[in-house]
Amino acid sequence: MKARVRIRPRTALGAVAGVALLTACTVGPDYRQPQADSPPAWRTEGYWRLAKPSHAPIDPDWWRSFGDDTLNGLEAEALAQNQTLRVASAHYAQARATLANSKAQQVPEVDLSAAAAREKISKARPLTSYATPNQSTVQNNLEVGPTIDYDADLFGRVRREVESAKVSAERSRDDLANARLVLTTDLATNYFSLRELDAEIDVLNRSVVLQEKALDYVKAEHDLGSVSGLDLLQQQSLLDSTQVQATLLVNQRATFEHAIAALVGLPAPQFAIAPKLINGHVPTIPLGVPSDLLQRRPDIASAERAMAAANAQIGIAKAAFFPSLSLVPGLGWESTSFASLLSAPSLFWTLGASLGQVVFDGGRRASNVDFASAGYQAAEASYRQTVLTAFQQVQDGVSGLAVLEDASKQSSQAVADARKLLSLANDRYSGGLVAYLNVIAAQQSLLTSQRQDVQIHGQQMTLAVSLVKALGGGWDVSQPPAAAMGTPARREAMNHED
């Protein structure tokens, strides 16, 4: 038979009532979100055009504002098939399961047990009474019934564990949203870098055509003795250099194509994007005020939830200094035969409690509190640094787009001037006024200006994506977590061409 602590029902009810009052006590600091200093407004320079209204939210499917159907299809595939996003989704599911496990500790655990044994009691056992001699008996011992185990959580240890699990699940939800944001912005950045190379390769290919025509002309002039072999070699050298540059850009383009393949969840050898020139425009991005970042960015929300979880860990560590009380009531039937096992005389019950308190542990609990407190300080510093980095990234995007807008205007003018220069150099050379070296220099100048112009436009597109990412990409804390994964998309043609 199991040893049980038995107390009278009236006493037990009084103890339970006292426990109910004590459970309102929760040790450890209550969490209060620290205030993060934020500037009143962004420094928009003189070129940035604010959205109307400037505080309007960014669309969660922000990439559609770029107006590129191929990009839209790639983003849909990535949201449906990217493996890194699936990892983040699985981690969120784990966090929710951990929360459910922690909540389950707040309700009693009910176990059903049964035991059957045939026992022989020793006649030579110690006497319980000198007046009554011991007898050796052989009998059955049958027992069945539920057992209940309940942690009264006097000082809030379990409640702090539930609190920690809850905010950890919220943090995992924010991490899932951040994984979605990183995926979609990385994909868009690689895509626009690839399209910039398409435009640059097109510039080089058109330059090759013009330079080949110029080489044919110089060869004819050389055959007539009008120009020297030096002019012919200079034109041939320029053509060879331009062709080499075009070949190298093709290799760079393949690198971005392979990166996109990995993001959309397809093997690189089975994936291709056909070259295409796009006339993409930089969409107007609503900035809002700097304090909006605290709600817009999932990584900031995740860092804030990490603080809340660390704060709850302090309460868990401090609860170890206080007694723990477990209620263990019991109910069951015990008999020597199956026929009478479930009868009223075989019924037994117990009301029991177990109270425990650590008296000496060599400083283990104190060190656990110190560890948890230091963890909170680290989480708070990480949160503040995340906010500062967010302000930096947005301001970089705003300032960079302002500078690139001005540079784009200057670059367009430089291309126009280079075309006029080449036309004038050809006319003057045909009139015998200048050497052919002037024509070579004009060709190089036009090629440089045209490549710089498409590079600036590509930088504008990728920097706009970076600004969207810095602003949180349309993430909304009230958005259902399932929406972060996207819906399965129909697989498009491998070339993703319109």
With the other protein chains left in place, how much accessible area per residue, in square angstrom, belongs to the stretch 270-314 at a 1.4 angstrom probe?
36
List every residue whose amide H lies under 5 Å from the amide H of residue 147, counting only residues 5 or more places away in sequence or on a different chain, with H placed 1.01 Å from N in the peptide plane.
111, 112, 113
In terms of the alpha carbon gyration tensor, root eigenvalues a ≥ b ≥ c, rounded if a/c is under 1.5 and otherwise prolate when a/b exceeds b/c or oblate, the stretch 320-417 is oblate
Listed residues 324, 311, 136: farthest to the positive end of the dipole of the chain (Cβ charges)
136
Sulfur and carbon atoms: percent of accessible area, the chain [1.4 Å]
57
Give the calculated FRET efficiency between residue 230 and residue 254 to the nearest 0.05, with a Förster radius of 25 Å applied to their Cβ-Cβ distance.
0.10
Of all chymotrypsin sites (Phe, Trp or Tyr not before Pro) in the stretch 349-378, the ones in DSSP coil with at most 11 other Cβ atoms within 10 Å are 360
About the Cα centre of the stretch 324-467, how large is the charge dipole given +1 on each Lys and Arg Cβ and -1 on each Asp and Glu Cβ? Please answer in debye to the nearest 20.
380
Whole-Hz Karplus couplings 3J(HN,Hα) for the stretch 436-445, θ = phi - 60° and coefficients 6.51, -1.76, 1.60, Gly and Pro as x, run 5, 4, 5, 5, 4, 4, 5, 5, 5, 5
Between 0 and 90 degrees, rounded to the nearest ten: what's the tilt of helix 229-263 against the longest Cα principal axis of the chain?
20
For the stretch 373-471, the per residue accessible area (1.4 Å probe, Å²) is 46
From the Cα centre of the stretch 215-255 to that of the stretch 460-474, the distance in Å is 40
Answer label for semi-axes √(5λ) of the Cα gyration tensor in Å (calculated), chosen among (1) 40, 32, 19; (2) 34, 27, 20; (3) 79, 26, 18:
(3)
Taking the stretch 182-288 and dividing mean pair separation by its residue count, relative contact order in percent (alpha carbons under 8 Å, at least six apart):
39
Global size of the stretch 47-148 as Cα Rg and Dmax, reported in angstrom:
35.3, 108
What angle, in degrees between 0 and 90 and rounded to the nearest 10, separates the Cα long axis of helix 157-223 from the longest principal axis of the Cα atoms of the chain?
20
Let me know the charge dipole size of the stretch 191-275 about its Cα centre in debye, to the nearest 20, where only the beta-carbon of Lys, Arg (+1) and Asp, Glu (-1) is charged.
260
Would you calculate, for the chain, the mean residue ellipticity at 222 nm contributed by helices, counting each DSSP H stretch of 4 or more residues as -39,500 (n - 2.57) and dividing by all residues, to the nearest 500?
-20500 deg cm²/dmol
Would you mind checking which residues have amide H under 5 Å from residue 322's amide H? H placed 1.01 Å from N; only 5 or more apart, or other chain.
none
Note to self: with every protein chain in place and a 1.4 Å probe, the stretch 64-208 gives an accessible area per residue in Å² of 49
What percent do you get for the relative contact order of the chain when only Cα pairs under 8 Å and 6+ apart count?
29
Please enumerate, by chain and number, the lysines with C-alpha under 23 Å from the C-alpha of residue 409, excluding those fewer than 8 residues away in the same chain.
420
Beta carbons within 10 angstrom, averaged per residue: use that to sort the peptides 240-253, 456-469, highest first.
456-469, 240-253
Are there trypsin sites (Lys or Arg not before Pro) in the stretch 305-389 that DSSP puts in a loop and that have at most 11 other Cβ atoms within 10 Å, and which ones?
none
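The values are calculated or read from the model by the stated rules, or taken from the named source; none is laboratory data. What you see is a predicted model; the values in this text were computed from it and never measured. Quick reminder, even Gly has a Cβ in these numbers, built from the backbone with ideal geometry, and neighbours come from all protein chains shown. Protein only, heavy atoms only, side chains kept; ligands, DNA and RNA dropped before computing areas. Shrake-Rupley method; radii C 1.70, N 1.55, O 1.52, S 1.80 Å.
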